[in-house]
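Heads up: the structure comes next, in structure tokens.
Just so it is clear, none of the values below were taken in a lab; they were calculated from the coordinates. Worth saying up front: this structure is predicted, and the values here are computed from it rather than measured. With ideal geometry, Cβ positions are generated from the backbone for all residues, glycine too; neighbour counts draw on all protein chains shown.
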Amino acid sequence: MKKNIHTALIAFSALIFLASFNEGSFGKRRDGTDAGYTGSPGDSLKNCTACHGGAAMTVEGWVTSNVPAEGYTPGQRYRIRARNLYLGHDRFGFSASPQHPDGRLLGSMIITDSLRTKLIGNDKYITYRSAGVDGVDSNVWEFDWIAPPAGTRDVIFFAAFNSNLMGHKWSDATYLSTLRVLEKGTTSTNELGLKSVHIFPNPAKDFIQIDVPVWAVTSPVIAELYSINGQLLLHENIGINNRLDLETLALSKGVYLIKIMSGTNLVVKKVFIE
């Protein structure tokens with residue numbers, strides 16, 4: 001009898017351990033993220049890796065909308081869609097926010113699925129609910145957005161995504177994606193920002209410094225140096241809110257072209273080497 005009780009206790013303890021492993025620190029379905037983890041400059045670039053570890057990868061097209069190609073109309077209501085994709089994973093989460101690069105909330109979000117999504121941080125962020133975690137290879141969340149007043153210009157939806165298998169941290173995958181929507185009838189501040197890139201000294205002797213304006217560019221910036229004949233001499237990723245110093249000692253005197261790209265926007269500037 002004692003042996004049977006002892007065996008039963010061991011079996012019961014094992015079940016408790018397995019349950020805590022599957023639904024405890026590894027498997028618990030959280031009810032959303034904390035506020036301020038979208039990967040945006042306004043959130044100090046914080047994202048899901050703060051809790052899940054690893055490194056975040058940037059992807060395109062995970063945030064989409066029905067905003068027309070010509071831009072949003074101030075005060076109009078639009079549908080926004082966030083999709084997290086990872087083959088083999090079964091738990092998915094996200095956090096998103098429509099912002100200015102300085103962190104200001106632009107427009108307002110409206111919950112359309114209160115069972116699977118919720119607003120946090122004074123309605124500045126939208127995230128998943130515990131009932132909106134499970135999926136097979138992917139998960140999708142939708143919400144509505146009321147466009148901001150006229151004169152706001154660009155709005156960037158910053159979003160961070162994380163997924164894993166059965167809640168195990170060893171399988172965590174974090175991705176960042178953005179959607180930039182333009183106010184109808186205006187010019188993108190991202191394009192204006194590239195045109196405001198400062199290159200000096202020009203003419204140059206020993207080095208060239210490229211400064212990217214922090215107020216406009218929100219996606220990685222790439223700089224390429226070409227000879228006047230079109231030969232690619234250098235390819236560098238400047239990053240966000242950064243600057244790049246290029247040594248020019250090995251270059252012959254003459255005219256060179258610097259192509260600066262961010263997303264679908266680009267600008268080409270001439271530089272003279274003495």
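Per the Debye formula on identical point scatterers at the alpha carbon atoms of the range 42-169, with no solvent, log10 I(q)/I(0) at q = 0.14, 0.21 Å⁻¹ is -0.62, -1.32.
Once the Cβ-Cβ distance of Ser114 and Arg79 is raised to the sixth power relative to R0 = 22 Å, the FRET efficiency obtained is 0.90. Per-residue 3J(HN,Hα) values for the range 267-273, derived from phi via the Karplus relation 6.51 cos²θ - 1.76 cosθ + 1.60 with θ = phi - 60°, read 9, 10, 10, 8, 9, 10, 9 Hz in sequence order (x marks Gly and Pro). Gain on full extension, evaluated as 0.36 nm per residue between Asp34 and Leu232 minus their Cα-Cα distance, stands at 66.8 nm.
For the range 160-177, 3J(HN,Hα) computed residue by residue from phi via the Karplus equation (6.51, -1.76, 1.60; θ = phi - 60°) reads 10, 10, 9, 8, 7, 10, 6, x, 7, 5, 5, 9, 4, 9, 10, 10, 10, 8 Hz, glycine and proline entered as x.
If the limit is 31 Å between Cα atoms, which of Lys124/Lys259; Lys124/Lys269; Lys184/Lys259; Lys124/Lys184; Lys205/Lys259 go over it? Check vs 31 Å cut-off fails for Lys124/Lys259; Lys124/Lys269.
Placing a label point 7 Å from the Cα of Ser138 along the Cα-to-Cβ direction, the residues of the range 71-89 whose backbone N falls under 17 Å from that point are 80-89.
Counting every other Cβ atom within 10 Å of each residue's Cβ, Tyr86, Tyr78 order from fewest to most as Tyr78, Tyr86. When both the range 63-104 and the range 106-129 are represented by their alpha-carbon centers, they are found 11 Å apart.
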